[in-house]
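In what follows, a single structure is set out as structure tokens and then discussed.
The values are calculated or read from the model by the stated rules, or taken from the named source; none is laboratory data. Keep in mind it's a predicted model, so treat the numbers as computed, not measured. Here the Cβ positions follow ideal geometry from the backbone for every residue, glycine too, while neighbour counts run over all protein chains shown. For the accessible areas, the whole protein counts, side chains as well, though only heavy atoms, and no ligand, DNA or RNA atoms are used. Shrake-Rupley method; radii C 1.70, N 1.55, O 1.52, S 1.80 Å.
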Amino acid sequence: FTSTTILCPAHGNVFNHADVDDFIESDVIPTKGEVHLYTSHGDPQQTDPSKVKATMFVKHEMSSLTLGPVLNKLGSRFSPIKKSNSCIFTWEEDMWNIKGRFEDAIQDDDDVSWVKENNKYIIRILAQTDTGQMAVPPPVSSKITASSATKASTSGAKSKKDELIELLKIDRDILESTDRGLRAAYQKYCAFLHAETTLREKLDDNSW
């Protein structure tokens, strides 16, 4: 990236009409910036905006300094992120910052920054889509513990927990892993998103 200038709610950095005189000399008065949308089916940190082309972009008024209005426009132009209630991230300090599900991110309406690059003002947003079909990393350990093997061989009545695991298609090895590392935590996070999406689908088709 080239050197950047950030427009954010901090004092002195917010673009407003009082700043117009500063732009007259260069005959440039920005009113709209570009919102670049990236999509991912896996670890968002693997999507590097300097190396990956955005899925799409929309023009948006630079008077918007919070995330809610920006997401509302994106959702109206690219409905999959709205319909699937995608997990939203914003590009800040060279990494993706999680904002939560689409609907939650709109409600929270966090501040966003317009970054100047090559004479354009840009906001970068990533949507983690299709979590129900997302490729979850393989379990940390492929070994089956004695307890899980015993459970698998038990032919008695299923517990409520077992029924939920089966209905929501949760990977038991990931769920019962005792690994506390970052990779294992991300696997559990992906499994949670998968289960949440499965539940929503079942509620929508009245099969729950």
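Across the stretch 93-116, which residue is nearest to ASP204 (Cα to Cα) among those that are open to solvent by less than 40 Å² (accessible area, probe 1.4 Å) and part of a helix (DSSP H, G or I)? Can you show your working first?
Taking the stretch 93-116 and keeping what is open to solvent by less than 40 Å² (accessible area, probe 1.4 Å), we get 96, 99-102, 105, 112, 114-115.
With part of a helix (DSSP H, G or I) added as a condition, the list becomes 102, 105.
Numbers: PHE102: 18, ALA105: 22 Å.
This residue is PHE102.
Looking at (1) open to solvent by 10 Å² or more (accessible area, probe 1.4 Å); (2) in a helix (DSSP H, G or I), which one does TYR121 not meet, given that it meets all the others?
Every condition holds for TYR121 apart from (2).
In this structure, does GLU103 turn out to be among the acidic types (Asp, Glu) and farther than 30 Å from THR198 by Cβ?
Details: among the acidic types (Asp, Glu): yes; farther than 30 Å from THR198 by Cβ: no.
Judged against the criteria, GLU103 is not a match.
Please specify each residue of the stretch 57-92 satisfying the condition of being part of a strand (DSSP E or B), within 16 Å of THR39 (Cα to Cα) and open to solvent by less than 40 Å² (accessible area, probe 1.4 Å). Even if it seems obvious, please write down each step before you answer.
Initial filter on the stretch 57-92 (part of a strand (DSSP E or B)): 57-61, 66, 87-92.
In the following step, the residues that additionally are within 16 Å of THR39 (Cα to Cα) were identified as 57-58, 87-91.
Listed by number, the residues that qualify are VAL58, CYS87, ILE88, PHE89, THR90.
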